[in-house]
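To start, the structure under review is shown below, and the notes come after it.
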Amino acid sequence: MIKPEKTINGTKWIETIQINAEERATLEDQYGIDEDIIEYVTDNDESTNYVYDINEDDQLFIFLAPYALDKDALRYITQPFGMLLHKGVLFTFNQSNISEVNTALYSALDNPEVKSVDAFILETLFTVVDSFIPISRAITKKRNYLDKMLNRKTKNSDLVSLSYLQQTLTFLSSAVQTNLSELDRLPKTHFGVGADQDKIDLFEGVQIEGEQVQRMFEIETQVVDRIDHTFNSLANNNLNDTMKFLTIWSLTMAVPTIITGFYGMNVKLPLAGMQYAWMLALGISVALIVAMLIMLKVWRKM
């Protein structure tokens, strides 16, 4: 979808969301955007990048934003969105229709302090970076809940939820890191050439915000990994205790089986003719079981 043109202090802004083949052709024919650029900026597998075409004087920005697969389960991945400065017109590409990106764009548009297209781009990036924070806080809350529940009783559903948190943290931590690396590089590119003090302040603001978000996700990832490691160790210890109990129980049950099997043979055996021979077999079994348990205790196998 190509939305109607808007202006940012005199600069045209063309917003696109999930464009189809016909709309791609419109961008090529009407605005002269190269097909390769459209393919690049709408590729959902692209990573963070900044490209400056010295011949066309085009600037292309690709950044990653959080994309919810299941908000209730806190299952997130990241998807790219793009901004293209082409022949004095700003084009934005949100091929995955990421809600955080839409919010960031219109927040920057409504900001009275945004007085240039460069400020609009940096304010949008700031808000997108900021959109990771509520997710991190939700992960912290969910992690505390799972930690409390797993301390009471380990359930498979809670372990699956913990695994989902690890997956989400992996995707988001990687995106935050790559975004921050590109934000640190931007002031040294053509986009940062001749920056005035207001633009320098915007650069510093979005970089500081990116560093804060990065630290939040680093800490959260470490905590979740330690919780996962702890409960893996507990699960292994519980399994070992269970196996130890079953082993001792099977050894205990093997003793009367051996004795009764021995006296169950259809041949004459010592003491087999006694009136209470079965009590003798039972007594021998109990004595051997007690002796075996004592030996296991002495050898610290129990």
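The values are calculated or read from the model by the stated rules, or taken from the named source; none is laboratory data. The shown structure was predicted, so the numbers you read here are calculated from the model rather than taken from an experiment. Glycine also receives a Cβ, built like all others from the backbone with ideal geometry; neighbour counts cover every protein chain displayed. With ligands, DNA and RNA removed, areas are computed over all heavy atoms of the protein, side chains included. Shrake-Rupley method; radii C 1.70, N 1.55, O 1.52, S 1.80 Å.
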Residues in the range 188-200: is at least one open to solvent by 70 Å² or more (accessible area, probe 1.4 Å), free of Cβ contacts under 8 Å to residues at least 60 places away in the same chain, within 17 Å of Glu123 (Cα to Cα) and of a type in the set (D, E, K, R)?
yes
Matching residues in the range 103-117 (open to solvent by 40 Å² or more (accessible area, probe 1.4 Å) and touching a residue at least 40 places away in the same chain (Cβ under 8 Å)) number 3
Which residues, taken from the range 87-102, are open to solvent by 10 Å² or more (accessible area, probe 1.4 Å) and not acidic (Asp, Glu)?
Lys87, Gly88, Val89, Gln95, Ser96, Asn97, Ser99, Asn102
Test set (1) touching a residue at least 40 places away in the same chain (Cβ under 8 Å); (2) among the β-branched types (Val, Ile, Thr); (3) touching a Gly at 6+ places or on another chain (Cβ under 7 Å) - Ile62 fails condition number
(1)
Considering only residues that are over 15 Å from Thr221 (Cβ atoms) and part of a helix (DSSP H, G or I), which ones fall in the range 119-132?
Ala119, Phe120, Ile121, Leu122, Glu123, Thr124, Leu125, Phe126, Thr127, Val128, Val129, Asp130
Suppose we filter Val128, Val51 for residues that are in contact with a strand residue (DSSP E or B) (Cβ under 8 Å, 6 or more places away or on another chain), among the aliphatic types (A, V, I, L, M) and open to solvent by 40 Å² or more (accessible area, probe 1.4 Å); which single one remains?
Val51
Out of curiosity, is Ser173 surrounded by 15 or more Cβ atoms within 10 Å (Cβ to Cβ), of a type in the set (Gly, Ala, Ser) and without any contact (Cβ under 8 Å) to a residue 60 or more places away in the chain?
yes
Condition test on Leu69, is it surrounded by 15 or more Cβ atoms within 10 Å (Cβ to Cβ) and over 25 Å from Asp36 (Cα atoms)?
no
List every residue pair whose Cβ atoms sit under 7 Å apart, with the two residues 6 or more apart in sequence or on different chains, where the first one lies in the range 1-20 and is over 16 Å from Leu84 (Cα atoms) and the second, anywhere, is in a loop (DSSP other than H, G, I, E, B).
Met1/Gln18; Met1/Ile19; Asn9/Lys115; Asn9/Ser116
Collect the residues in the range 21-44 that are without any contact (Cβ under 8 Å) to a residue 24 or more places away in the chain and either within 13 Å of Met1 (Cβ to Cβ) or exposed (fewer than 13 other Cβ atoms within 10 Å of the Cβ) (or both), keeping them in residue-number order.
Ala21, Glu22, Glu23, Arg24, Asp29, Gln30, Glu35, Asp36, Glu39
Taking Phe231, is it in a helix (DSSP H, G or I), free of Cβ contacts under 8 Å to residues at least 24 places away in the same chain, among the aromatic types (Phe, Trp, Tyr) and out of contact with any strand residue (DSSP E or B) (no Cβ under 9 Å at 6 or more places or on another chain)?
no
